[in-house]
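First up is the structure itself, then whatever we jot down about it.
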Amino acid sequence: MQNNECIYICEQYTDYQEGSLSTEIKARVEAHLASCSPCQHVFKELSDVLTNLQSLPKKQASPDFTANLMSRVESLNSVTPLQKFYKSSYMRVAGYAIAAGLVVAIGLNMLIDPIAPMNPNGPRGFTGEQNTENTQQESLAEATDSSLTESEDSLQVRSTPINSNNQSLQLVSDTK
């Protein structure tokens, strides 16, 4: 096809073959076909196809073919009870309820999360203790040393060694 006129003429093929074109359009198609060999070729090919189709042997369908076909189509279009429930408003409400529950659960988790609390003044740690800023950093040994708070040291220097399983331990102090 070469241009819009060729396209228009080829679109008229079926009506031209059936003889249902108005006299004006039929004259236009015939005038174009007389001068356009590509459109003549298209019309000839389409005519050959129709001739071959019409020469095929006819097949007779069973008398209940239409009824069987329609019942199969209806069964494919029918909705199962599970599909009805899935499309029902109950399912939408359940979906909204689950979504709302998730939002509440996430919100509560963010509110009371012991690891990363949103509230800087809220409880910290797993036991709810409050951490206060210390200007003086204590080491673990200093924090657990009982000798800092007591007048006497709980460890007594002994002159005799402690023996256990063929091993000996003697406590030594640098203060006398």
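Values quoted throughout were computed directly from the atomic coordinates according to the rules given, and no laboratory measurement underlies them. Keep in mind that what you see is a predicted model, and the values were worked out from it rather than measured. No Cβ is skipped: glycine too gets one built from the backbone with ideal geometry, and neighbour counts run over all protein chains shown.
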Item to check | Cα→Cβ-extended label distance, 7 Å offset, between residue 72 and residue 25, nm | outcome: 3.7 nm
Next on the checklist: Which residues does the label zone of residue 59 cover in region 67-94, counting backbone N under 17 Å from a point 7 Å along Cα→Cβ?
Outcome noted: 67-70
Checklist entry - Ranked from highest to lowest mean number of other Cβ atoms within 10 Å per residue, what is the order of the peptides 88-101, 55-68, 31-44? => result 31-44, 88-101, 55-68
Checklist entry - For region 4-54, what size does the Cα cloud have along each of its three principal axes, sorted from largest down, in whole Å? => result 29, 23, 16
Next on the checklist: With the crude spin-label approximation of a point 7 Å out along Cα→Cβ, what separation in nm comes out for residue 41 versus residue 97?
Outcome noted: 7.1 nm
Checklist entry - Pulled fully out, how much extra length does the chain show between residue 48 and residue 87, if you take 0.36 nm times their separation in residues and subtract their Cα-Cα distance? => result 8.9 nm
